[in-house]
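The structure appears right after this line, and notes come after that.
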Amino acid sequence: MKNGSPHPIGASITATGVNFSVFSNYATGAELLLFDAEDAIQPSHIINLAPGTNRTSHYWHVHLPGIKPGQLYGYRMSGPYAPELGHRFDPEKILLDPYGRAISSRHYQRDAAARPGDNAAAAAKSVVADLSTYDWGDDCPLDHPFSRTVLYEVHVSGFTRNTNSGVAEEKRGTYAGLVEKIPYLKDLGVTAVELMPVFQFDAQDAPPGLENYWGYSPMSFFAPHGGYSSRRDPLGCLDEFRDMVKALHKAGIEVILDVVYNHTAEGGDNGPTFSFKGFDNRFYYLLSDDFAHYADYTGTGNTLNSNFSVVRRMIGDSLRYWVSEMHVDGFRFDLAAVLTRDEHGRPDDDAPILWEIDSDPVLAGRKLIAEAWDPGGLYLVGTFGGDRWKEWNGRFRDDVRRFLKSDRNTVLDFRQRLLGSPDIYSKRNQPPEQSINFVTCHDGFTLNDLFSFNQKHNEANGENNRDGSAENYSWNCGVEGSTDDAEVERLRVCQIRNAFTLNLLSVGTPMLLMGDEVRRTQLGNNNAYCQNNEVSWFDWSLFQKNAGLHRFVRLLIQLRVRFAANRSGDFLSLADFIERAKVQWDGVHLAAPDLSVDSHSLACTASVDNGGAFHLMINAYWEPLSFALPVVPDGCGPWRRLIDTYQDAPSDFLEQGAQTVSQSAYDVQPRSIVLLTTGHCGSHVTDPQ
């Protein structure tokens, strides 16, 4: 045994063994524990780290010769248990290495980490990993520009967990299972998957009898979630994750990780101690002014102290690790507004962590997306971070939903959303793709349920339907839940087509929710975070049942990507783009949009770089409206109908031989959208069948 080095942090392979290093400023003693088995009741070796020889500044360290990859280990830290001073050391608890690259958690018990006493047999354990042996081949970042990006939010496990997924039983719900469905993603046409959390998370952080399915309960910021691996050994999980990334890249699909740097699974005052609490509670978390309690700006019981130097470094090291070693293409930051809070929880317009991420050379070129709000009241959409940050646009979601359900006083805001929300973004001279446009995401109704339920139905979550948002701007089209009424079903499908059309044709970067393209339902549950069952899983039988809708979405994505490819100047400002697109706003009368509080219709004509033009007519009224058509631009040929969401498949989206429209007006049916094109605007869009 040697004294070791404080750098690098974590467990690092050397020529003769492994160097271990962890941060803890207030600890008075430390032990490194080695285990021979995942369910070992006691460690096989206990290495006492002496303050005089195994501590440098704030770091405890030791070098152990002969240690190999796969070695299980953990820490016990001694120090004051004095919540009134912010300290919660517990020398009986086995602690995960905050920088551990792999975790064994098959025998982990959350309750054992929360109650007094030794929890060795029921503790998650870190695993020494050698990252240098994986063969990436010629894999490299894809660097798709945002202007040509179509995001698809997907749950790694839920995508293939269903028995009807066609994936072999041992691979269902795993990284390997997702690889088998890459042909589906490629066929659909999406250019990037936004994976819901894949950091190791606490699946037991849920109401009694349920599981944490979404994964917004991180135990580690470096280790991939072992529960998504088809391999039994923890190191196999690393290879399986990297195999997935490499396979997605080979198919031309980027990998964006939904990352949670705002809180951990350790909860509040009575939560478990599995890592950060036990190493240095006062530094890792935001605390109340008297230090005795946790400041909760996340709704989870705790908030990471993300702008404190040590935590800031850990977040940066984590991001660099996932880019350098795991080859991911970017990140979506959950509750990113929390990252702007200083050590007292106050908003900081120049938060150090944001600028460090923005300027980090390892992260240069990687996609950065912010969910720019938090439960503590911060809503920073339009003002978040530096130039590189894109934002989930909650205003797009809400305003599109309200317009489609025919609410009053919506058309003015709706027009802004179609244009990429210049009322939000043009002041900072942001590019057109700044807004991540979505109508649905994991948090809330699916698109099918948005038009099938007036109210949330979360009784299965065990909280008497109190959880989940009550403000959904949904409409059940006349019947709550499933129905055999053919007219209601026809209206619902039309509304779903409308939502897809607006999302994929608006200025901005579109994001789709897994399964919306085949009408996946959660039976009205708008907060299915704890439903690891068929309520949340992708039902692959819907692929054939709703083949017409799937075709419609696929063709829309083709149209979107082709339109983006014909656009020049990826770095145009939003104002420049709108000007160059030559958008003319119409209503049922040309050049006379009805922007009154009682309006439910809008139309526009846009010229594009290749000389063609679009004419879009949107009728959210409950009766047909006759829209006057503009004169076709010189040399563009006649108007041709490409999309009519009122029509059944396959007439809802016509192909290259789109129907010629020769009349001077077009009757747009109730609650439907029509897109006319000229020139080459709709060419090369082909029926997948």
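Listed values, structure above:
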{"item": "Total charge dipole magnitude, the chain, about the Cα centre, Cβ charges on Lys, Arg, Asp, Glu only, Debye to nearest 20", "result": "900 debye"}
{"item": "Between 0 and 90°, nearest 10: helix 394-404 axis offset from the chain longest Cα axis", "result": "30 degrees"}
{"item": "Positive-end residue, the chain charge dipole about Cα centroid, Cβ charges, pick of 638, 602, 56", "result": "638"}
{"item": "Dipole in debye (nearest 20) - segment 93-164, about Cα centre, beta carbon charges: Lys, Arg +1; Asp, Glu -1", "result": "520 debye"}
{"item": "Whichever lysines have a C-alpha closer than 24 Å to that of residue 456, once near sequence neighbours (fewer than 8 apart) are set aside", "result": "405"}
{"item": "Percent RCO, i.e. relative contact order, over the chain, from Cα pairs under 8 Å lying at least 6 residues apart", "result": "10 percent"}
{"item": "Proximal lysines to residue 367, defined as alpha-carbon separation beneath 26 angstrom and excluding residues fewer than eight positions away on the same chain", "result": "181, 186, 246, 250, 390, 427"}
{"item": "Cα-based shape type of segment 578-677, given that a ≥ b ≥ c are square roots of the gyration tensor eigenvalues and the cut on a/c is 1.5", "result": "oblate"}
{"item": "Ranked by how many other beta carbons lie within 10 Å on average, peptides 444-452, 285-293, 589-597, 487-495 from highest", "result": "444-452, 487-495, 285-293, 589-597"}
{"item": "Segment 578-677 - percent relative contact order, Cα under 8 Å, separation 6 or more", "result": "28 percent"}
{"item": "Fewest-first ranking of 392, 373, using other Cβ atoms within 10 Å as the exposure measure", "result": "373, 392"}
{"item": "Rounded Å value of the spacing that divides the Cα centres of segment 163-184 and segment 304-364", "result": "33 Å"}
{"item": "Relative contact order of segment 488-548, pairs being alpha-carbon contacts under 8 Å that are 6 or more residues apart, as %", "result": "29 percent"}
{"item": "Computed lengthening from residue 324 to residue 584, 0.36 nm per intervening residue step minus Cα-Cα distance", "result": "89.0 nm"}
{"item": "Whole-Å semi-axes of the ellipsoid equivalent to segment 54-112 (Cα gyration tensor, √5λ, descending)", "result": "24, 19, 9"}
{"item": "Packing-based ranking, highest mean first, of 213-222, 646-655, 168-177 given that Cβ atoms within 10 Å are counted", "result": "213-222, 168-177, 646-655"}
{"item": "For segment 478-533 versus segment 65-108, the gap between their alpha-carbon centres in whole angstrom", "result": "44 Å"}
{"item": "Theoretical ellipticity at 222 nm over the chain - DSSP helices of four or more residues, -39500 (n - 2.57) apiece, nearest 500", "result": "-6500 deg cm²/dmol"}
{"item": "Positive dipole terminus of the chain, leading residue within 206, 505, 421 (C-beta point charges)", "result": "505"}
{"item": "Inter-site label distance for residue 16 and residue 591 at 7 Å from Cα along Cβ, in nm", "result": "8.5 nm"}
{"item": "Burial ranking of peptide ranges 534-547, 43-56 (average Cβ count within 10 Å, highest at the top)", "result": "534-547, 43-56"}
{"item": "Computed label-point distance, nm, for sites residue 534 and residue 44 using a 7 Å Cα→Cβ extension", "result": "4.5 nm"}
{"item": "Ratio Rg/Rh, restricted to segment 386-448 and using Cα atoms, in which Rh is the Kirkwood radius", "result": "1.00"}
{"item": "Global form of segment 113-204, assessed from the alpha-carbon gyration tensor, a/c cut-off 1.5", "result": "prolate"}
{"item": "Least to most buried among 348, 399, 97, 90 (fewest other Cβ within 10 Å first)", "result": "348, 90, 399, 97"}
{"item": "Cα-centre dipole for segment 48-197 with unit charges at Cβ (Lys and Arg positive, Asp and Glu negative), debye to 20", "result": "420 debye"}
{"item": "Dipole of the chain, positive direction: furthest Cα of 438, 86, 389, with charges on the beta-carbon", "result": "389"}
{"item": "C-alpha long axis of helix 309-324 to longest principal axis of the chain, angle in °", "result": "60 degrees"}
{"item": "Burial ordering of 34, 512, fewest other beta-carbon atoms within 10 Å first", "result": "34, 512"}
{"item": "Anisotropy class of segment 1-81 from Cα gyration tensor, a/c 1.5 cut", "result": "oblate"}
{"item": "Candidate lysines - alpha carbon under 17 Å from residue 2, same-chain residues fewer than 8 apart omitted", "result": "68"}
{"item": "Of all DSSP beta bridges in the chain, antiparallel share, percent nearest 5", "result": "75 percent"}
{"item": "Reported label for calculated Cα extents along the principal axes in Å given (1) 94, 52, 49; (2) 114, 51, 44; (3) 88, 51, 48", "result": "(3)"}
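FYI, it's all coordinate maths here, none of it is from the lab. Fair warning: this is a prediction, and the values are worked out from it, not measured in the lab. For neighbour counting, all protein chains shown are included, and Cβ atoms are generated from backbone atoms with ideal geometry for every residue, glycine included.
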